[in-house]
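First the structure, in the form of structure tokens, and then the observations on it.
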Amino acid sequence: MAERVETESGPFCYAIGLEVHAQIVSSSKLFSGASTAFGADANTQVSAVDAGMPGMLPVINMACIEQAVRTGLALGGAVNRRSVFERKNYFYPDLPQGYQISQYQQPLVTGGQLVIELEDGTSRSIGIERLHVEQDAGKSLHDRDPDHSLVDLNRSGIGLMEIVSLPELESPDEAVRYVRTLRSILRYAGTCDGNMQEGSLRVDANVSMRRPGEGLGTRCEIKNLNSLRFLQRAIEFEGHRQATILDEGGTVRQETRLFDVDANETRSMRSKEDAEDYRYFPDPDLLPLDLDEAWIAGIAASMPELPDARKQRFMSGHGLSSYDAGVLVAERDNADFFEEVARGRDSKQAANWVMTELFGRLNHDGIAITDSPVSADALGGLIDLIVDGTISGRIAKDVFAEMFATGRQAAVIVEERGLRQVTDTARIEALVDGVLAAHPDRVDEYRAGKTKLLGFFMGEVMKASQGRANPQAVNRTLCLRLEAEEGTR
Ligand code: MN
């Protein structure tokens, strides 16, 4: 929700636009056949093209373009039949070509929107200006050698999608929600793994402040934020910094800033270049990218179900609350797991077990759902044992803990440890009679009107059965017995 920064002279509102660099899921780079695998030894995945050797010709990797088209469609954008790769010229030690091949005047995708859900449950649609495709740069290493800076070109030439939003986000929290939602969509579409630690998703935030009702103010761009926490903190700091300047009658200088994580502040990096400083021009080594309508339609036809649609389906088809559905669909793997558990079973019960017990343990142990020691099938098996009365819900939690620790099936654990629920009437009556006989004074108190002692009797019988007695049957039997004794008096 819109957030304001209060100053002596009145409030200021945020206007935030985000540029997200999302690494394309592809086994090879945008213009070369070199591998994109993460974590290889430095400079082992570098072709002559990626190293900027003179005379090398880039060859477009259509698998990357297909991914970017899929992403554009997922964001509701218009895929342009013709787009053009241009050279963005600048010098940087990790950019051996002396330019980055990017798209400028004619991007691959124009327009689109992303719907973010706000804290109060309402939602806002944020406009997307464009999505273009470009190469990543290499990486300078300043901490490997006491006398030199080194460069690792493994990342050089990897395909990126730059997704640019309109400056329509109105608070640091909205910016975080936008990135979280975008990340979820990218992962569903299978076009970016969204791994912020590995740099697969990096965010530049354009922040400006204005008084309510005024037009956009001068913006500053905060570069390369690689976690949602830093994104939030950087925008907060920047908003307050600019509001203070404006409040005191100063002017904000357009510039590029860095977020210093340790100092928790943004710092000036360079005064902002405008686009003309880069001397963009169409790359003479690459023809314009002309896409076939039928090819685009084929990609559109093969789109997977996206999180929003899936959430709606979980609400209408499975009867889940908006909150539960939202939690389950955020990660595709979680949603898949839930659906497998819920197949042929009660959806709410399945959601409960997945969200409370399973997620609880996975989070606690830091295990990904794809590595869960309890499979969807196994969890379904446990739920079946509750439903058919073999075990109580209470015992099921113990069984689940053992399944999680050992990876064994529920039915095996139940048999081995003799956890079958006692539903046999004669045995339950015997247990109840035993407990009542052991506490004659309490029985008298109950009869005298202290009926909340029922809980005490329940507890004793359950204890005597090691938790295995069917609670409904115990309750029923206890009430009958206590009333009957009263009646016979
Ligand atoms: Mn870029």
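The values are calculated or read from the model by the stated rules, or taken from the named source; none is laboratory data. Quantities reported herein were computed from a predicted structural model and do not represent experimental measurements. Note: ideal-geometry Cβ built from the backbone for every residue, glycine included; neighbour counts use all protein chains shown. Calculation scope for accessible area: heavy atoms of the full protein, side chains included, ligands and nucleic acids excluded. Shrake-Rupley method; radii C 1.70, N 1.55, O 1.52, S 1.80 Å.
Report, ordered by chain and residue number, the lysines lying within cross-link reach of LYS452, taken as a straight Cα distance under 23 Å and ignoring same-chain residues fewer than 8 apart.
Output for LYS452: LYS463.
How big is D, in µm² s⁻¹, for the chain by Stokes-Einstein at 25 °C and 0.890 mPa s if Rh is the Kirkwood radius over C-alpha pairs?
In µm²/s, the coefficient rounds to 91.
Compute the helix-to-body angle for 393-406: its Cα long axis versus the longest principal axis of the chain, expressed 0 to 90° and rounded to tens.
50 degrees
Do any trypsin sites (Lys or Arg not before Pro) in the stretch 7-86 lie in a loop, going by DSSP, with at most 16 other beta-carbon atoms within 10 Å of their beta carbon, and if so which?
Filter output for the stretch 7-86: ARG81.
By per-residue mean of other Cβ atoms within 10 Å, what is the highest-first order of 226-235, 248-257?
226-235, 248-257
Would you kindly compute the Cα radius of gyration of the stretch 425-484 and its largest Cα-Cα separation (Dmax), both in Å?
Gyration radius and largest Cα-Cα distance of the stretch 425-484: 10.4, 30 Å.
Helix 332-342 versus the longest principal axis of the chain: what angle, 0 to 90°, nearest 10, using Cα atoms?
Result, in degrees: 20.
With a Cα-only, solvent-free Debye model of the stretch 375-420, what are the log10 I(q)/I(0) values at q = 0.17, 0.29 Å⁻¹?
-0.36, -1.12
For the pair MET56 and ALA42, how long in nm is the line joining their label points, each one 7 Å along Cα→Cβ?
Going by the 7 Å Cα→Cβ label model, 1.8 nm.
Please give the calculated 222 nm ellipticity per residue for the chain, where each DSSP H segment of at least 4 residues contributes -39500 (n - 2.57) and the sum is spread over every residue; nearest 500 deg cm²/dmol?
-12000 deg cm²/dmol
Would you mind getting me the FRET efficiency between LEU150 and GLN197? Use the beta-carbon distance for r and R0 = 22 Å, nearest 0.05.
0.55
Assigning unit charges at the beta carbon (Lys, Arg +1; Asp, Glu -1) and nothing else, what dipole magnitude in debye, to the nearest 20, does the chain show about its Cα centre?
With only Lys, Arg, Asp and Glu charged at Cβ, the dipole is about 940 debye.
The stretch 131-171: which GluC sites (Glu not before Pro) are DSSP loop and have at most 10 other beta-carbon atoms within 10 angstrom?
Passing both the DSSP loop test and the Cβ count: no residue.
Can you tell me the FRET efficiency between ALA63 and ALA301 if r is taken as the Cβ-Cβ distance and R0 is 22 Å, rounded to the nearest 0.05?
Computed FRET efficiency for ALA63 and ALA301 comes out at 0.80.
Can you tell me the accessible area per residue over the stretch 153-254, all protein chains present, probe 1.4 angstrom, in square angstrom?
37 Å²
List the relative contact order of the chain as a percent without decimals, with contacts defined as Cα pairs under 8 Å and 6+ residues apart.
Here the relative contact order equals 14 percent.
How large is the Kirkwood hydrodynamic radius of the stretch 51-97, in angstrom, based on all distinct alpha carbon pairs?
It is 13.4 Å.
Answer with one residue from THR390, TYR99, MET269: the one whose Cα lies farthest towards the positive end of the charge dipole of the chain, charges on Cβ with Lys, Arg +1 and Asp, Glu -1.
THR390
Using a cut-off of 14 Å between beta-carbons, work out the net charge of the residues near VAL474 (Lys and Arg +1, Asp and Glu -1, VAL474 not included).
Counting the neighbours of VAL474, the net charge comes to +2.
Computing the accessible area with a 1.4 Å probe over protein heavy atoms, can you report the carbon and sulfur percentage for the stretch 365-489?
The nonpolar share, carbon plus sulfur, comes to 51 percent.
Just from the alpha-carbon atoms, what are the Rg and Dmax of the stretch 304-416 in angstroms?
Values for the stretch 304-416 (Cα only, Rg and Dmax): 13.8, 44 Å.
Lysines near LYS311 by alpha-carbon distance under 19 Å, same-chain residues fewer than 8 away left out - which ones?
The qualifying lysines are LYS348.
Quick one: if the Förster radius is 22 Å, what FRET efficiency do GLN466 and ASP346 give, using the C-beta to C-beta distance and rounding to 0.05?
The value I calculate is 0.20.
Which residues' amide hydrogens lie under 5 Å from the amide hydrogen of SER123, considering only partners 5 or more residues apart or on another chain, with H built in the peptide plane?
LEU118
Length gain on complete extension for the stretch ARG180 to LYS139, per 0.36 nm per residue less the alpha carbon to alpha carbon distance?
Additional length available on full extension: 12.2 nm.
Relative to the longest principal axis of the C-alpha atoms of the chain, give the angle of the C-alpha long axis of helix 425-438, reported between 0 and 90° and rounded to the nearest 10°.
Long axis of 425-438 versus the principal axis of the chain: about 70 degrees.
Contour minus end-to-end for THR218 and HIS439, with contour as 0.36 nm per residue of separation and end-to-end as the Cα-Cα distance?
Result for the pair: 71.6 nm of gain on full extension.
At 1.4 Å probe size, with every protein chain present, just tell me what the per residue accessible area of the stretch 425-484 comes to in Å².
Result: 55 Å² per residue.
To make sure I understand the rule: partners must be lysines, Cα under 24 Å from the Cα of LYS29, and not fewer than 8 residues away in the same chain. Which ones qualify?
Leaving aside lysines fewer than 8 places away in the same chain, those within reach of LYS29 are LYS88, LYS139, LYS223.
Under a point spin-label approximation (7 Å from Cα along Cα-to-Cβ), what is the GLU276-SER125 distance to one decimal in nm?
Between GLU276 and SER125, the label points sit 3.6 nm apart.
Which of the peptides 149-155, 171-177 is most tightly packed, and how do the rest follow, going by the mean number of other Cβ atoms within 10 Å of each residue?
Result, highest mean first: 171-177, 149-155.
Suppose all protein chains stay in the model; what accessible area per residue would a 1.4 Å probe give for the stretch 334-373, in Å²?
Heavy-atom SASA per residue in the stretch 334-373 reads 53 Å².
Stretched out fully, how many nm does the piece from GLU415 to THR256 gain, at 0.36 nm a residue minus the Cα gap?
Additional length available on full extension: 50.7 nm.
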